[in-house]
1. Using the alpha-carbon atoms, what tilt in degrees (0 to 90, nearest 10) does helix 55-68 show relative to the longest principal axis of the chain?
2. Please report the relative contact order for the chain, taking Cα pairs under 8 Å with a sequence separation of at least 6, and give it as a percent rounded to a whole number.
3. Calculate, in nm to one decimal, what THR8 and ALA24 gain on full extension: separation in residues at 0.36 nm each, minus their alpha carbon distance.
4. Of ILE61, PHE76, PHE41, which is farthest along the charge dipole of the chain in the positive direction, counting Lys and Arg as +1 and Asp and Glu as -1 at C-beta?
5. What's the angle, to the nearest 10 degrees (0 to 90), between helix 96-107's Cα axis and the longest principal axis of the chain?
6. Under 10 Å, Cα contacts only: if you run a Gaussian network model on the chain, which one of LEU100, LEU90, LEU19 comes out with the highest mean-square fluctuation?
7. Okay, helix-only estimate at 222 nm for the chain: each DSSP H run of n ≥ 4 adds -39500 (n - 2.57), divide by all residues, round to 500 deg cm²/dmol; what do you get?
8. What is the spread of the Cα atoms of the chain along each of their three principal axes, largest first, in whole Å?
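Bear in mind these aren't lab numbers, they're just calculated from the coordinates by the rules spelled out. All figures in this text were calculated on a predicted structure; none of them were measured in a lab. As a convention, Cβ positions derive from the backbone with ideal geometry for all residues, glycine included, and neighbour counts pool all protein chains shown.
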Amino acid sequence: MRIVDRETFLGMGEVVYSLYQPWALRGLYIKERTIGDTGVFCKQSLIDPFMAENRDEREDILDELEWSGMPIKLNFEGENREVLYDENQLFAVWGKEDVLGLINRLKKLV
């Protein structure tokens, strides 16, 4: 894993990453693609993979999960655009060995 600035991050292809704040990582995502030179990129959340059109629909899904206890199928193929951002945000980018290590660990669960 390495920490990179926004400019470096936007120049990368598909990577697994977390948002980095001093001494803390937040979220786990796949960066899909950068859209031109707009500073906007597409991402897929790996810990919140719900297909929802908006925040209200997402909250409805989570309410249903909480109250019904019924499982739902997660979507690991969708993407969202990251349009609200901090120019100074740093990113913790996972290396190939990190990703393979996570995959191997998850395989032990199934």
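1. Approximately 40 degrees, to the nearest ten.
2. Details: 155 pairs, mean separation 40.2, N = 110.
RCO, the chain: 37 percent.
3. Numbers: separation 16, 0.36 × 16 = 5.76 nm, distance 1.97 nm.
That pair, THR8 and ALA24, stretches by 3.8 nm at full extension.
4. PHE76
5. Compared with the principal axis, the helix lies near 10 degrees.
6. Highest fluctuation among the options: LEU100.
7. On the way: 3 runs with 31 residues, N = 110.
That calculation yields -8500 deg cm²/dmol at 222 nm.
8. Computed over the Cα atoms, the extents are 43, 35, 26 Å.
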